[in-house]
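Please read the structure below before turning to the comments.
The values are calculated or read from the model by the stated rules, or taken from the named source; none is laboratory data. Values in this document were obtained by computation on a predicted structure and should not be read as measured data. Positions of Cβ are backbone-derived with ideal geometry, glycine not excepted, and every protein chain shown enters the neighbour counts.
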Amino acid sequence: MIYKFKSQAAADVIMLQSNGEQMLAIIGKEPAAQGVITAAQMPTAIAALEAAIVVHEEVEARRRANPGLQIEVEGDSIMLRQRAAPFIDLLRSSALAGKDVVWGV
């Protein structure tokens with residue numbers, strides 16, 4: 001499945017299922033075929049994504065500083081900051097315009 005996040009305020013953001021579900025989990029939404037992030041929910045969602053990015057980068061920095069240290073990192077080699085950037089931009093643009101972000105509709 002592919003997630004296609006849409007808003008009237010910005011271009012669509014398309015993600016593979018695992019990546020879309022990761023974004024939804026970070027912002028506290030259940031993975032589903034359809035859903036909505038309201039304009040009122042966006043500041044909290046953006047803050048959650050930014051906090052997750054900080055944690056992810058701290059774990060990566062510790063792993064690089066201690067090559068023998070075994071730290072389980074979820075996902076692939078793409079940094080969360082890179083993967084989440086288009087989604088965060090969509091949320092910011094939509095929040096400024098007062099428009100909801102939807103998927104599966």
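The test for being surrounded by 13 or more Cβ atoms within 10 Å (Cβ to Cβ), under 15 Å from Q82 (Cβ atoms) and modelled with pLDDT of 95 or more holds for L49.
Without any contact (Cβ under 8 Å) to a residue 12 or more places away in the chain, out of contact with any Ser or Thr (no Cβ under 6 Å at 6 or more places or on another chain), exposed (fewer than 13 other Cβ atoms within 10 Å of the Cβ) and not β-branched (V, I, T), is that true of A40? Yes, satisfied. Restricting segment 65-82 to residues that are modelled with pLDDT of 80 or more and not polar (S, T, N, Q), the residue that is farthest from R92 (Cα to Cα) is A65.
For first residues located in segment 81-105 and without any contact (Cβ under 8 Å) to a residue 24 or more places away in the chain and on the phi > 0 side of the Ramachandran plot, partners that are crowded, with 17+ Cβ neighbours inside 10 Å and assigned to a helix (DSSP H, G or I) and lie 6+ apart or on another chain with Cβ distances below 6 Å do not occur. Of all the residues in segment 20-41, those that are more than 9 Å from the chain's Cα centre (by Cα) and under 18 Å from Y3 (Cα atoms) number 11. One residue stands out in segment 1-19 among those that are closer than 15 Å to S93 by Cα and within 13 Å of the chain's Cα centre (by Cα): the one that is surrounded by the most Cβ atoms within 10 Å (Cβ to Cβ), namely F5.
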